[in-house]
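Peer 1: I'd like to ask you about the structure that follows.
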Amino acid sequence: MTLKPPVRIAVTGAAGQIAYATLFRIAGGIMLGRDQPVILQLLDLPHAQKALQGVIMEMHDCAFPLLEDIFATDDPETAFKDADIAILIGARPRTQGMERSDLLQANAAIFKTQGEALNKVAKRDVKVLVAGNPANTNAYIAMKSAPDLPSENFSALMRLDHHRAVSQIAEKIGRPVTSIEKMCVWGNHSPTMYADFRYATSNGESVAEMITEPDWHSEVYMPKIAQRGAAIIEARGASSAASAANAIIYHLRDWILGTSGKWVTMAVPSDGSYGIPEGIVFGFPVICENGNVEIVQGLDLSDDFSKAHIELTLNELLEEREAVKHLL
Ligand code: NAD
Ligand code: LMR
């Protein structure tokens, strides 16, 4: 097999639990393919450097054929230098009883500093994925702090919500997850998200027509997806890690290698589609091709239920934007 030239992947929060479940899969070729060597540029805080050296020792012990180089640093500009991809995980996770928005003041400054560093030293076509919560607004902060980079380089992680939405539908209708297409989760990665299966199909048949209980969508399904992160914190005593890592891998794989016409959910800066103000980082159904993201157009959001939920989640994002205005 002919190998491609290596790509530089910066990962922040690299000593944390999500990164621990992500790095080994990236170096194993699961994200970008078995012909894609990688250079991993790992960022974490000074006090986490010793643990990070332990992670690097384990990475070496895997003797990954695709791992061309790996290093650790506590300096964002060193981590992001010439990065083709930047995975921004480093941030405080919430604990029981908190909402993700409670993390805004604790984490927002991180994304300003890192946006500025990306602006200075990353490749001009760097693809940035923000997972640290509140992910949509943190991505917005990073994007606004990097005025020399195109806004379409920035995205936030809502693939975990998408996978949760697909998995719960598959269980409900008793069909495999692979049969489900055209699912989407609109809006903010928060309890206001709008998990929408109105367009979803299973082997080409309408999912909505298979679900006969009138209130199941609003009373059972949506709360379950929206509260899944909290349910995991309650059960595990720590926020989701392996499933978040899995979502990171698929988000980036699809962005870079394409979705072959299939819909996935990504939070991306709005281009004004569906009346969402330009620049707000909003979960949309998208199709990826040749490294570009296209928001699926022409879906009907005019019914009262959709209108109310889009408004709710958008208003929350507008409030979060207002709360970080002083930083930008
Ligand atoms: P963790 O506490 O295990 O790891 C976070 C790491 O980030 C730590 O090693 C910490 O030292 C590091 N860090 C903190 N500030 C940093 C900075 N300024 N620069 C570099 N590194 C920094 O947490 P985790 O479980 O890995 O979660 C990380 C974040 O991801 C949290 O905010 C969590 O809420 C979020 N998350 C998002 C999703 C999603 O779907 N968007 C899913 C799960 C978790
Ligand atoms: C999740 O959805 O699992 C993460 O965002 C973690 C959290 O705080 O819910």
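Peer 1: Say each of Arg25 and Ala106 gets a label point 7 Å from the Cα, pointing the same way as Cα to Cβ; how far apart are those two points in nm?
Peer 2: Between Arg25 and Ala106, the label points sit 2.5 nm apart.
Peer 1: Can you tell me the dipole magnitude for the chain around its Cα centre, using point charges on the Cβ only (Lys, Arg +1; Asp, Glu -1), in Debye to the nearest 20?
Peer 2: With only Lys, Arg, Asp and Glu charged at Cβ, the dipole is about 680 debye.
Peer 1: If packing is taken as the average count of other Cβ atoms within 10 Å, what order do 299-306, 215-222 fall into, highest mean first? Working shown, then result.
Peer 2: Details: 299-306: 12.1, 215-222: 14.1.
Ranking the peptides 299-306, 215-222 by packing returns 215-222, 299-306.
Peer 1: Follow-up question, since we're still on this one. Among Tyr250, His217, Val293, flag the residue with its Cα farthest along the positive direction of the charge dipole of the stretch 158-327, charges on Cβ as +1 for Lys/Arg and -1 for Asp/Glu.
Peer 2: Tyr250
Peer 1: Another one. Measure nothing fancy, just the Cα-based angle from helix 104-121's long axis to the longest principal axis of the chain, in degrees from 0 to 90, nearest 10.
Peer 2: Approximately 60 degrees, to the nearest 10.
Peer 1: Add -39500 (n - 2.57) for each DSSP H run of 4 or more in the chain, then divide by its residues: what number comes out at 222 nm, to the nearest 500 deg cm²/dmol? Show your work: numbers first, answer last.
Peer 2: Details: 10 runs with 122 residues, N = 328.
Value at 222 nm, helices only: -11500 deg cm²/dmol.
Peer 1: Can I ask one more? Between Leu157, Ala27, Met98, whose Cα lies farthest towards the positive end of the dipole of the chain when Lys and Arg beta carbons carry +1 and Asp and Glu beta carbons carry -1, centred on the Cα centre?
Peer 2: Towards the positive end, the residue furthest out is Ala27.
Peer 1: Once fully extended, how much extra length lies between Glu278 and Glu319, figured as 0.36 nm per residue of separation less the alpha-carbon to alpha-carbon distance?
Peer 2: Numbers: separation 41, 0.36 × 41 = 14.76 nm, distance 1.52 nm.
Contour length minus Cα-Cα distance gives 13.2 nm.
Peer 1: Would you work out which of Ala48, Leu66, Leu129 lies farthest towards the positive end of the dipole of the stretch 7-156, given +1 charges on the beta-carbon of Lys and Arg and -1 on that of Asp and Glu, about the Cα centre?
Peer 2: Leu129
Peer 1: Any idea of the accessible area per residue across the stretch 158-327, 1.4 Å probe, to the nearest Å²?
Peer 2: Working: 7480 Å² over 170 residues.
Accessible area per residue: 44 Å².
Peer 1: Out of the total accessible area of the chain (probe 1.4 Å, heavy atoms of protein only), what percent is carbon and sulfur?
Peer 2: Working: 7240 of 14100 Å².
Ligands and nucleic acids excluded, carbon and sulfur reach 51 percent.
Peer 1: What is the stretch 158-327 by shape, rounded, prolate or oblate, if you read a ≥ b ≥ c off the alpha carbon gyration tensor as root eigenvalues and call it rounded for a/c under 1.5, prolate for a/b larger than b/c, and oblate otherwise? Before the final figure, lay out the partial values.
Peer 2: On the way: a/c = 1.22, a/b = 1.17, b/c = 1.04.
Here the stretch 158-327 falls in the rounded category.
Peer 1: What does the charge add up to near Thr259, with Lys and Arg as +1, Asp and Glu as -1, over the other residues with Cβ less than 13 Å from its Cβ? All intermediate terms of the calculation are to be shown ahead of the outcome.
Peer 2: Values: positive: Arg159, Lys182, Arg253, Lys262; negative: Glu181, Asp254, Glu289, Glu294.
Every neighbour counted, the sum reads 0.
Peer 1: Quick check: net charge around His217, other residues with Cβ under 10 Å of its Cβ, Lys/Arg +1 and Asp/Glu -1?
Peer 2: On the way: positive: Arg198; negative: Asp196, Glu213, Asp215, Glu219.
It works out to a net charge of -3.
Peer 1: What ranking do 134-144, 276-286 get when scored by the average of other Cβ atoms within 10 Å per residue, highest first? Before the final figure, lay out the partial values.
Peer 2: Numbers: 134-144: 28.4, 276-286: 21.7.
Highest mean packing first, the order is 134-144, 276-286.
Peer 1: Can you pull the three principal axis extents for the Cα set of the chain, in Å, largest first?
Peer 2: Answer, in whole Å and largest first: 54, 49, 39 Å.
Peer 1: Now a separate question. Given axes a ≥ b ≥ c from the Cα gyration tensor, I'd like to know whether the stretch 41-152 is rounded (a/c under 1.5), prolate (a/b larger than b/c) or oblate.
Peer 2: oblate
Peer 1: Then there's this: If you average the sequence gap of Cα pairs under 8 Å that are 6 or more apart and divide by the length of the stretch 158-327, what percent do you get for the contact order?
Peer 2: Relative contact order here is 25 percent.
Peer 1: Using a Gaussian network for the chain with springs between C-alpha atoms less than 10 Å apart, which of these wobbles most: Ala238, Ala165, Ala63?
Peer 2: Largest GNM mean-square fluctuation: Ala63.
Peer 1: Once you put a point 7 Å from the Cα of Asp69 and another 7 Å from the Cα of Asp148, both along the Cβ direction, what distance in nm separates them?
Peer 2: Calculated label separation equals 2.1 nm.
Peer 1: How many angstrom lie between the Cα centre of the stretch 199-228 and the Cα centre of the stretch 16-88?
Peer 2: Here the two parts' Cα centres lie 38 Å apart.
Peer 1: Order of 151-161, 101-111 by packing, highest average Cβ count within 10 Å first?
Peer 2: Final packing ranking: 151-161, 101-111.
Peer 1: So what is the accessible area of the stretch 7-156 per residue, in Å², with the probe set to 1.4 Å? List each step's numbers first, then the result.
Peer 2: Details: 5900 Å² over 150 residues.
Ligands and nucleic acids excluded, the result is 39 Å² per residue.
Peer 1: How much net charge surrounds Leu299 when only the other residues with a Cβ under 9 Å from the Cβ of Leu299 are counted, with Lys and Arg +1 and Asp and Glu -1? Can you show the working numbers first?
Peer 2: On the way: positive: Arg198; negative: Asp196, Asp300.
Residues close to Leu299 contribute a combined charge of -1.
The values are calculated or read from the model by the stated rules, or taken from the named source; none is laboratory data. Only a predicted model underlies this, so the values are computations on that prediction, with no experimental measurement involved. As a convention, Cβ positions derive from the backbone with ideal geometry for all residues, glycine included, and neighbour counts pool all protein chains shown. Please note that ligands, DNA and RNA were not included when accessible areas were found on the heavy atoms of the full protein model with its side chains. Shrake-Rupley method; radii C 1.70, N 1.55, O 1.52, S 1.80 Å.
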